[in-house]
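Reviewing the structure listed below.
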Amino acid sequence: MKLILQALVFVVLAGCATQPQPPRTVNLIVFPGGFNWPVWVAQEKGLFAKNGIDVKITPTPNSVFQLTNLIGGKFDIAMTAIDNLVAYREGQGEEPVPGPDLIAFMGGDNGFLRLVSIPEVKGYSELKGKTVSVDARTTGYAFVLFEMLEKGGLALDKDYTVVRAGGVLQRFQALMKKEHAATLLLSPFEVPAQAAGFHKLGDATAVLGAYQGLVGGARKSWADANRDAVVGYIRAFSQAVDWLYDPANKAEALAILRKNLPNVDEKGAEASYRILLSPAEGFQKKARIDLEGVRTVLRLRSKYAQPQKTLTDPARYYDDSFYREALR
């Protein structure tokens with residue numbers, strides 16, 4: 001009898017050992033927009049599943065919602081501006097919610113930041129006395145906007161007024177209604193705006209140089225406890241970017257884009273392809289973070305953020321151990 005029981009236990013254990021493990025659910029929060037193309041490809045082509053994760057996507061209305069809920073544990077990973085992670089980690093966020101262990105673990109893009117104005121405003125000087133919009137005054141890309149306007153000859157809080165209007169989708173909608181004179185849009189939102197007669201006044205990287213925009217971010221405590229999920233996410237995202245850059249996949253890539261952005265027409269999709277997959281300015285290949293671009297983020301935050309702090313070390317906010325494991 002004892003031998004029979006032992007045999008049965010062995011059979012059961014052996015059966016359990018051969019059962020495939022279900023994908024780990026990862027709750028991801030993103031800003032709406034075409035810059036989520038690699039995420040959509042990773043879903044559509046089964047790259048997340050191949051790497052052991054099941055990604056549930058939630059769009060965020062603004063950075064405050066995204067960061068406070070990331071810190072609170074409602075979401076596991078955020079595709080967000082690294083400036084947001086730094087802000088809440090340093091106690092400079094729009095809301096007084098501390099995020100002392102927020103980290104970036106991979107790159108995404110340089111922000112694709114375009115300063116776009118209403119048809120009546122054709123240059124920087126014509127923004128004097130007018131209102132510009134941001135997501136949050138103390139995080140995200142607000143400091144990029146302030147710096148671009150300063151270099152264009154306009155003084156913050158003297159020559160123009162700043163209002164909060166939400167994430168890029170909300171800002172785009174408000175701009176199209178001419179509720180504000182200008183805002184920073186993320187590609188490809190400038191494409192339909194320009195088609196409607198609005199003006200692109202400048203690109204952030206042309207004014208500021210290297211800049212790190214979106215990154216994959218998380219609480220380090222969660223990332224350490226779920227290392228396989230983070231590594232799987234990096235691998236899937238990187239594979240999706242590789243797939244997008246392959247010209248042989250262009251037709252299918254455009255179909256995936258338009259499936260997720262049904263209001264984008266064929267011409268807009270082609271423009272998005274040229275912008276987001278530009279060899280020099282497109283998605284960061286292999287999801288590699290631009291540390292020089294992070295230094296620009298820190299320089300702007302040191303200049304504009306409150307309470308004022310001098311921030312210089314990109315390594316403080318980027319844990320490369322996950323990335324090195326993912327791409328080895």
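The values are calculated or read from the model by the stated rules, or taken from the named source; none is laboratory data. Treat the numbers as computed from the prediction; the structure is a model and nothing was measured. Here Cβ is always computed from backbone atoms with ideal geometry, including for glycine, and neighbour counts include all displayed protein chains. These accessible areas exclude ligands, DNA and RNA; they are computed on the full protein's heavy atoms, side chains included. Shrake-Rupley method; radii C 1.70, N 1.55, O 1.52, S 1.80 Å.
How much net charge surrounds residue 182 when only other residues with a Cβ under 12 Å from its Cβ are counted (Lys, Arg +1; Asp, Glu -1)? The partial results should precede the final answer.
Values: positive: 114, 122, 128, 130, 171, 178, 200; negative: 120, 126, 179, 190.
Once all neighbours under 12 Å are counted, the net charge is +3.
Positive contributions from Lys and Arg (+1) and negative ones from Asp and Glu (-1), summed over other residues with Cβ under 11 Å from the Cβ of residue 138, come out at -2.
Please tell me the relative contact order of the chain in percent, rounded to the nearest whole number, where contacts are Cα pairs under 8 Å and at least six residues apart. Please list the in-between numbers first.
Details: 608 pairs, mean separation 82.5, N = 328.
Across the chain, relative contact order equals 25 percent.
Within region 270-310, find all residues whose amide N lies under 15 Å from a label point positioned 7 Å from the Cα of residue 246 along Cα-to-beta-carbon. Taking a point 7 Å out along Cα→Cβ of residue 246, the residues of region 270-310 whose backbone N falls under 15 Å are 286.
Can you give the Kirkwood hydrodynamic radius of the chain from its Cα pairs, in Å with one decimal? Provide the component values of the computation, followed by the final result.
Details: mean 1/r = 0.0483 Å⁻¹.
The Cα-based Kirkwood calculation yields 20.7 Å.
I need the shape label for region 182-321. Rule: rounded when a/c is under 1.5, else prolate if a/b > b/c, else oblate, with a, b, c from the alpha carbon gyration tensor.
Working: a/c = 2.25, a/b = 1.23, b/c = 1.83.
Taking the square roots of the gyration eigenvalues as a ≥ b ≥ c, region 182-321 is oblate.
Counting pairs of alpha carbon atoms under 8 Å apart in space and at least six apart in sequence, what relative contact order in percent does region 205-312 give? Please list the in-between numbers first.
On the way: 66 pairs, mean separation 41.6, N = 108.
Relative contact order for region 205-312 comes out at 39 percent.
Considering only Cα atoms, the convex hull volume of region 193-268 works out to 167 Å³ per residue. Packing, as the average of other Cβ atoms within 10 Å across residues, places the peptides 172-179, 204-211, 84-91 in the order 84-91, 204-211, 172-179, highest first. Ligands, DNA and RNA aside, residue 125 has an accessible area near 90 Å² when probed at 1.4 Å.
Can you tally the net charge around residue 129? Count Lys and Arg as +1, Asp and Glu as -1, for every other residue whose Cβ sits under 13 Å from the Cβ of residue 129. Can you show the working numbers first?
Details: positive: 128, 130, 158; negative: 120, 126, 157, 159.
Once positives and negatives cancel, what remains is -1.
Projected onto its three principal axes, the C-alpha set of region 18-161 covers 68, 33, 21 Å, listed from the longest axis down.
In units of the compact-protein estimate 2.2 N^0.38 Å, region 130-239 shows a Cα radius of gyration of 1.30.
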